[in-house]
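First up is the structure itself, then whatever we jot down about it.
The values are calculated or read from the model by the stated rules, or taken from the named source; none is laboratory data. Nothing here was measured: the structure is a model prediction, and the numbers come from that model. As a convention, Cβ positions derive from the backbone with ideal geometry for all residues, glycine included, and neighbour counts pool all protein chains shown. All accessible areas refer to the heavy atoms of the entire protein, side chains included, with ligands and DNA or RNA removed. Shrake-Rupley method; radii C 1.70, N 1.55, O 1.52, S 1.80 Å.
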Amino acid sequence: MKRTSMLLMSVMLLLSMFLAACGNSGSTNTPAAEGETPKTETPPAEENAPVSLRVFSTFGGTDAAREAFQAALDEFTAAHPNVKIENDTMSANDDGFRTKVNTDMNSGNEPDLLFYFIGADAEGFVNAGKVVPLNEILDANADWKNGFIPDALELAKQKDGNIYAAPLTGFYEGLFVNKKIFEENGLELPTDWAKLTTAVKTLSAKGIIPLSVPFDQSHYLIEHTILSAAGPESQSKGLIDGIDPNWEKAYVAMKELYDLGAFPKDAATIDLSMSGNYYSEGLAAMTIEGSWAVGGWSDDTRDNSTVLPFPTVPDGAGSGNDIVGGFGSGFYLSKSTYDDAAKKDTAVELLKHLTSPATIQKIASANGGTPAADVEVTGLAQVALDGFAMAAKADSISAPVDSKVSQETFGNLRASVQPVVEGKKTPTQAIEEAKKTEDANKK
């Protein structure tokens, strides 16, 4: 696929990046369309008048880039003493952040800048005109636009072809493995399903958690089993055009792993944070996570980890070398802010600062994400370099399945994990229920 090929090229390019460029230039106004009555110009804001901006992001909680992001905000306010920034954050592991964003965007309480997902998650407020297309602003600021690698902007486009979110860092996801635990138990790395299930049986018998994932917040387990079972093409189509029986195999595989004792005994009650703690503390041999998780692990676990593509499930359509990744988030500029002469120019300058090559380099170095700019990422652990190499060698890189279906549908897919693995619902029922939810939300 074109987008996949482009992303592969950008990730491969990342491995040899040694140059950084930093640009910053002025913003531009959008003229009235031909035949449209020009609006009365609001007098420009006084140059040093106080300006207050609210920035909402997921750089909160234990996020590895939390301090680097705060430092970027501090740099801006130091250079602009008249600007006050409210750093409004929530953890990405808290599903409540989606609710907060949707509530704010639907109630007239939009943040001036919003760091959020690109794709299906943003369709509601994008289609409602709550955020500004950035195409013209980017075109009018060549230094800023040229600071991004082209693929990052290409992958930031919504269905209408416009760019609404300026990307910061991308990501990869995979099966993270504690090599030390595997070596101590005489196990081969789980590069295929047989090796994975052998490891699960061996580790479970010894009281070691084989694969630390939760059932409720089963985002990554679902993403990887569906990609593995259905393959990248079917995964990308979602469910709106019908049901691919291969999707059901994802839930069959989850149940097989459950029956072998793969998951924590309290998987039904823990969340992603606790699941990650089990892996970080060396109590679990494997977890499924994204590049952002690495910075939050203990030094010992991080030093002993590597990351692999999730293996193909039995009779699945995946290649065994397909991964989840991309540039799935970015900064949106509120339409109400853009229309406010007292805030507009300052908000645009802050947007440019937060997505400049210099800031991108600092954030990527902190969280191990793939940078959206041509910069050298420094100080990364070997597991992060393993992740970049995995992405460079992947047969395909797909956006997560939750960007291919509605939030309600993905919530339905998540809710089916526990009843399916416990034998209270069949895989067929799980996918059929998700399909009904998708149809209802796409009418």
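A Cβ distance below 6 Å, combined with a sequence gap of six or more or placement on separate chains, defines the contacts here; from the range 147-167, residues that are without any contact (Cβ under 8 Å) to a residue 40 or more places away in the chain reach residues that are of a type in the set (D, E, K, R) and open to solvent by 20 Å² or more (accessible area, probe 1.4 Å) in the pairs Ile163/Lys157. Of the residues that make up the range 298-321, is at least one touching a residue at least 60 places away in the same chain (Cβ under 8 Å), in a helix (DSSP H, G or I) and under 21 Å from the mean Cα position of the chain (by Cα)? So far as the range 298-321 goes, yes, one or more of its residues are touching a residue at least 60 places away in the same chain (Cβ under 8 Å), in a helix (DSSP H, G or I) and under 21 Å from the mean Cα position of the chain (by Cα). Taking Gly207 as the residue in question, decide whether it is in contact with a Lys or Arg (Cβ under 8 Å, 6 or more places away or on another chain) and in a loop (DSSP other than H, G, I, E, B). Answer is no for this residue. For residues that are at pLDDT 95 or above and within 23 Å of Pro357 (Cα to Cα), scanning just the range 44-66, find the one that is surrounded by the fewest Cβ atoms within 10 Å (Cβ to Cβ). Within the range 44-66, the match that is surrounded by the fewest Cβ atoms within 10 Å (Cβ to Cβ) is Arg54.
Within the range 248-266, the set of residues being open to solvent by 10 Å² or more (accessible area, probe 1.4 Å) and over 25 Å from the mean Cα position of the chain (by Cα) comprises Val252, Lys255, Glu256, Tyr258, Asp259, Leu260, Gly261, Lys265, Asp266.
Close contacts from the range 91-104, counting a first residue that is under 21 Å from Ser275 (Cβ atoms) and a second that is open to solvent by less than 40 Å² (accessible area, probe 1.4 Å) and in a helix (DSSP H, G or I), with Cβ to Cβ under 8 Å and a gap of 6+ residues or different chains, come to Ser91/Phe97; Asn93/Leu272; Asn93/Gly276; Arg98/Asp121. Quick check on Ser305: is it modelled with pLDDT under 95, crowded, with 23+ Cβ neighbours inside 10 Å and not acidic (Asp, Glu)? Judged against the criteria, Ser305 is not a match.
Do we have Pro400 as assigned by the TED database to the domain that holds Gly296, farther than 14 Å from Ala65 by Cβ and surrounded by 20 or more Cβ atoms within 10 Å (Cβ to Cβ) here? Against the criterion (assigned by the TED database to the domain that holds Gly296, farther than 14 Å from Ala65 by Cβ and surrounded by 20 or more Cβ atoms within 10 Å (Cβ to Cβ)), Pro400 qualifies.
Flag: Phe176 does not match the condition of being crowded, with 23+ Cβ neighbours inside 10 Å and out of contact with any Asp or Glu (no Cβ under 7 Å at 6 or more places or on another chain).
If you go through the range 67-98 and keep only what is surrounded by 14 or more Cβ atoms within 10 Å (Cβ to Cβ) and small (Gly, Ala, Ser), you end up with Ala68, Ala71, Ala72, Ser91, Ala92.
The number of residues in the range 267-285 that are surrounded by fewer than 18 Cβ atoms within 10 Å (Cβ to Cβ), of a type in the set (A, V, I, L, M, F, W, C) and part of a helix (DSSP H, G or I) comes to 1. Could you tell me whether any residue of the range 322-335 is among the polar types (S, T, N, Q) and in the same structural domain as Ile288 (by the TED database)? The answer is no, given that none of the residues of the range 322-335 is among the polar types (S, T, N, Q) and in the same structural domain as Ile288 (by the TED database). Taken as a whole, the condition of being open to solvent by less than 30 Å² (accessible area, probe 1.4 Å) and hydrophobic (A, V, I, L, M, F, W, C) applies to Leu196.
Condition check for Glu233 on (1) in contact with a strand residue (DSSP E or B) (Cβ under 8 Å, 6 or more places away or on another chain); (2) among the charged types (D, E, K, R); (3) open to solvent by 10 Å² or more (accessible area, probe 1.4 Å): one failure, at (1).
Given the residues Asp241, Asp160, which is the only one that is over 20 Å from Val307 (Cβ atoms), open to solvent by 50 Å² or more (accessible area, probe 1.4 Å) and touching a Pro at 6+ places or on another chain (Cβ under 9 Å)? None of the other options fit; the residue is Asp160.
Say whether the condition of being under 19 Å from Pro371 (Cα atoms), surrounded by 15 or more Cβ atoms within 10 Å (Cβ to Cβ) and either modelled with pLDDT of 95 or more or among the acidic types (Asp, Glu) (or both) is met by at least one residue in the range 129-139. Checking the range 129-139: at least one residue is under 19 Å from Pro371 (Cα atoms), surrounded by 15 or more Cβ atoms within 10 Å (Cβ to Cβ) and either modelled with pLDDT of 95 or more or among the acidic types (Asp, Glu) (or both).
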